[in-house]
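First comes the structure, then the notes that go with it.
The values are calculated or read from the model by the stated rules, or taken from the named source; none is laboratory data. These numbers come from a predicted model, not from an experiment. A quick note on method: Cβ atoms are made from the backbone with ideal geometry, for glycine too, and the neighbour counts reach across all protein chains shown. Each accessible area value is taken on the protein alone, full model and side chains, heavy atoms only, with ligands, DNA and RNA left out. Shrake-Rupley method; radii C 1.70, N 1.55, O 1.52, S 1.80 Å.
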Amino acid sequence: MLRVLAVDDEQPALEELLYLLRADPRIRSAEGATGATEALRRIGGAVEAGPEDPSAIDVVFLDIHMAGLTGLDVAQLLAGFAAPPLIVFVTAHEGFAVHAFDLKAVDYVLKPVRRERLAEAVRRVAEQVGDRSATVHDAAADQIPVELGGVTRFVPVDDITYAEAQGDYARLHTVSGSHLVRIPLTTLEERWRSRGFVRIHRRHLVALNRIDELRLDAGTMSVRVGEAELAVSRRHSRSLRDLLMRQSSR
């Protein structure tokens, strides 16, 4: 089931394309953007949030001739992302096909868009998304995408010592620095539980094997993780102590 963003600065054309896409049973969701700037903002947010987030985008159906940045410009910018969505160009002009495929477009659909031709483009996208998912599934589980200066980097989960809640965001701490991602701490807790991360406080999720010391002071508990000392809430104190005892006895 594909998650789609359609981009066209002509509203009637955008609405027609969305209507056809939403009628295809292989499409989970199809949203629209009326220009390149809006599209890049939404795609950047989706990439930062990760493939499991509701805002994730698998493919962009992209017009070429738009005010400001063209669809080709957008595709060129997306090529700089570590894991960009796939691209299908939808245009009234035949002359850009070679350039489009140089930019790794999955397909090139001419306007007026025919239902059958669009269905073929969706089939090609679904095939590539399936191949991509099979290839990167294990790698994606081992890494998390972060934005740094407009470039998407992938940080190994094993490098993360602890994560800190900051509203709907989380700050990931490593030995070399920290990164802010638009993922709630509760989502990371579920995703990384099997990787040895434990909740010690409503604000902190810690890699169990990165805890250097467990401290008790006047009935309060804390842990030292590298240079950071993190409070352990009463709710999590007993379970954390039991986990550390089991770990040390192995």
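Please identify the pairs in which a residue from the stretch 1-25 that is farther than 13 Å from Val122 by Cα has its Cβ atom under 7 Å from the Cβ atom of a residue that is hydroxyl-bearing (Ser, Thr, Tyr) and part of a loop (DSSP other than H, G, I, E, B), counting only partners at least 6 apart or on another chain.
Asp9/Thr34; Gln11/Thr34; Leu14/Thr34
Restricting to the stretch 142-164, what's the tally of residues that are farther than 16 Å from Gly44 by Cβ and open to solvent by 20 Å² or more (accessible area, probe 1.4 Å)?
7
When the stretch 82-97 is examined, which residues are found to be under 20 Å from Asp53 (Cβ atoms) and out of contact with any helix residue (DSSP H, G or I) (no Cβ under 6 Å at 6 or more places or on another chain)?
Matches in the stretch 82-97: Ala82, Ala83, Pro85.
Of the conditions (1) open to solvent by 10 Å² or more (accessible area, probe 1.4 Å); (2) under 16 Å from the mean Cα position of the chain (by Cα); (3) over 19 Å from Val109 (Cα atoms), Ala49 clears all except one; give me its number.
Among (1) open to solvent by 10 Å² or more (accessible area, probe 1.4 Å); (2) under 16 Å from the mean Cα position of the chain (by Cα); (3) over 19 Å from Val109 (Cα atoms), the lone unmet condition for Ala49 is (1).
Looking at the stretch 1-17 only, could you name the residues that are part of a strand (DSSP E or B) and closer than 14 Å to Lys111 by Cβ?
Across the stretch 1-17, the qualifying residues are Ala6, Val7.
Which members of the stretch 99-116 meet the condition of being surrounded by fewer than 14 Cβ atoms within 10 Å (Cβ to Cβ) and without any contact (Cβ under 8 Å) to a residue 60 or more places away in the chain?
Listed by number, the residues that qualify are Phe101, Asp102, Lys104, Pro112, Arg114, Glu116.
Identify all residues within the stretch 7-17 that are under 11 Å from Leu118 (Cβ atoms) and open to solvent by less than 20 Å² (accessible area, probe 1.4 Å); write none if there are none.
Leu17
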